[in-house]
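The values are calculated or read from the model by the stated rules, or taken from the named source; none is laboratory data. The shown structure was predicted, so the numbers you read here are calculated from the model rather than taken from an experiment. Ideal geometry is used to build each Cβ from the backbone, glycine not excepted, and the neighbour counts take in all protein chains shown. Heavy atoms of the whole protein, side chains included, go into the accessibility calculation; ligands, DNA and RNA do not. Shrake-Rupley method; radii C 1.70, N 1.55, O 1.52, S 1.80 Å.
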Amino acid sequence: MALYGILGDIHGNFEALEAVLDALDARGVARLLCVGDVIGYNADPDACVALLRARGAQVIAGNHDLIGTGRLGFERCSNKARYSLKRTRRRLSSFSIEWLKTLPPHRLVEDRIALVHGGVRDVQLYMTTPQHIRRNAALLREDFPGARVCFFGHSHEQRLYGVAGEEVRELPTNGVYHLAPDQLYFVNAGSVDAQRKRSHKLAEFAVFDSSAWTVEFHRVRYDAAATEAKAAAGGYRITPLLDRLYTWRRRLLPA
């Protein structure tokens, strides 16, 4: 039983990751669970890898981690993701590649806390509707029958779903939420990286207490301007012309 910081979708954003870790330190949270996508989109993948390793985080592989290390293709990537990941592949250190290749596709913590990136069996699935949750709850019961809570990422939005039988309810993400021991929950702590969000530039994470069986969602500010300047200077941002070229190539040469 422990207090965990839940984070994911860091995407090479060192400023946002530092802000999240500072906020967790201030709350006395030392144990970290990460649902993947350590790299991609931004200019500091190696620094993010080093920081998570130094903190002893329990991390799983996200689709960007798999694509960035050549274990998954670009077929389901957006133009922005494809372009930035090609840059990441060229810049990523051998030290980071070696570590990223050791990450498992999922983890089970304390025998009842599951970590997945997208869906339970599909790392690139966006779980954004009750129907997605219902189908993946069935898969979770098959693959991890002891799990009572499943933390996931990929869709970059803070969400909490309760599952009772076939019923799925979306629950509030404000304040501390007490989980019922006889139900199954799917929790998205949000995205540490907020560079592509229009509404706010706040790094998102959650705190999970496995003793009290509670979850609390958080957002913190970070130096988004510094992140963006480094990404632009490092060639991680696709230009409008290249964006159109990528789209044209997709139409001409479908995967």
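Using only alpha carbons, build the gyration tensor for the chain and give me the equivalent ellipsoid semi-axes, biggest first, whole Å.
Whole-Å semi-axes of the equivalent ellipsoid: 29, 21, 17.
Report the residue, chosen from Q131, Q58, Q195, that carries the largest GNM mean-square fluctuation when the chain is represented by alpha-carbon nodes joined by springs under 10 Å.
Q131
What percent does the relative contact order of the range 183-255 come to when contacts are Cα pairs within less than 8 Å and at least six residues apart?
19 percent
What is the packing order of peptides 210-220, 108-118, taking the mean over residues of other C-beta atoms within 10 Å and listing the highest first?
108-118, 210-220
Once label points are set 7 Å from the Cα along Cα→Cβ at both R169 and F74, what is their separation, rounded to one decimal in nm?
Roughly 4.6 nm, to one decimal.
Enter the accessible area of K201 (Å², nearest 10), with the probe set to 1.4 Å and all protein chains included.
80 Å²
Once the piece of chain linking A229 and L139 is laid out straight, how much longer is it, given 0.36 nm per residue of separation minus the C-alpha distance between them?
Between A229 and L139, full extension yields an extra 28.2 nm.
Summing -39500 (n - 2.57) over the DSSP H runs of n ≥ 4 in the chain and dividing by its residue number, what mean residue ellipticity at 222 nm do you reach, to the nearest 500 deg cm²/dmol?
About -10000 deg cm²/dmol.
For the range 139-145, in order, what is each residue's ³J(HN,Hα) by Karplus, 6.51 cos²θ - 1.76 cosθ + 1.60 with θ = phi - 60°, in whole Hz (x at glycine and Pro)?
Along the range 139-145, the couplings run 5, 5, 5, 6, 7, 9, x Hz.
For the chain, set up a GNM with springs between Cα atoms under 10 Å and report which of L33, L100, L241 has the largest fluctuation.
L241
What FRET efficiency comes out for S211 versus L241 if R0 is 45 angstrom and r is the Cβ-Cβ distance? Round to the nearest 0.05.
Given R0 = 45 Å and the Cβ-Cβ separation, E is 0.25.
Considering only protein heavy atoms, with the full assembly of protein chains and a 1.4 angstrom probe, order W99, W248 by accessible area, largest first.
W248, W99
Can you list the residues, at least 5 places off or on another chain, whose amide H is less than 5 Å from the amide H of L32, using H built in the peptide plane?
Those qualifying (amide H under 5 Å, at least 5 residues apart or on another chain) are G5, Q58.
For the pair A50/S94, report the inter-label distance in nm, with labels modelled 7 Å from Cα in the Cβ direction.
1.7 nm
Mind putting a number on the dipole of the chain about its Cα centre? Charges go on the C-beta only, +1 for Lys and Arg and -1 for Asp and Glu, and I need it in Debye to the nearest 20.
With only Lys, Arg, Asp and Glu charged at Cβ, the dipole is about 1220 debye.
So with the 1.4 Å probe, I'd like the accessible area per residue for the chain, rounded to whole Å².
45 Å²
Contour minus end-to-end for R121 and L252, with contour as 0.36 nm per residue of separation and end-to-end as the Cα-Cα distance?
44.1 nm
Check which residues have an amide H placed less than 5 Å from A43's amide H, if you skip close sequence neighbours.
The answer is A231.
Can you tell me the Rg and Dmax of the range 1-70, counting just the alpha carbons, in angstroms?
Cα radius of gyration and Dmax of the range 1-70 are 11.6, 37 Å respectively.
Over the range 1-157, what relative contact order in percent results from Cα pairs under 8 Å that are six or more residues apart?
22 percent
Determine how many Å³ per residue the convex hull of the Cα atoms of the range 1-138 encloses.
118 Å³
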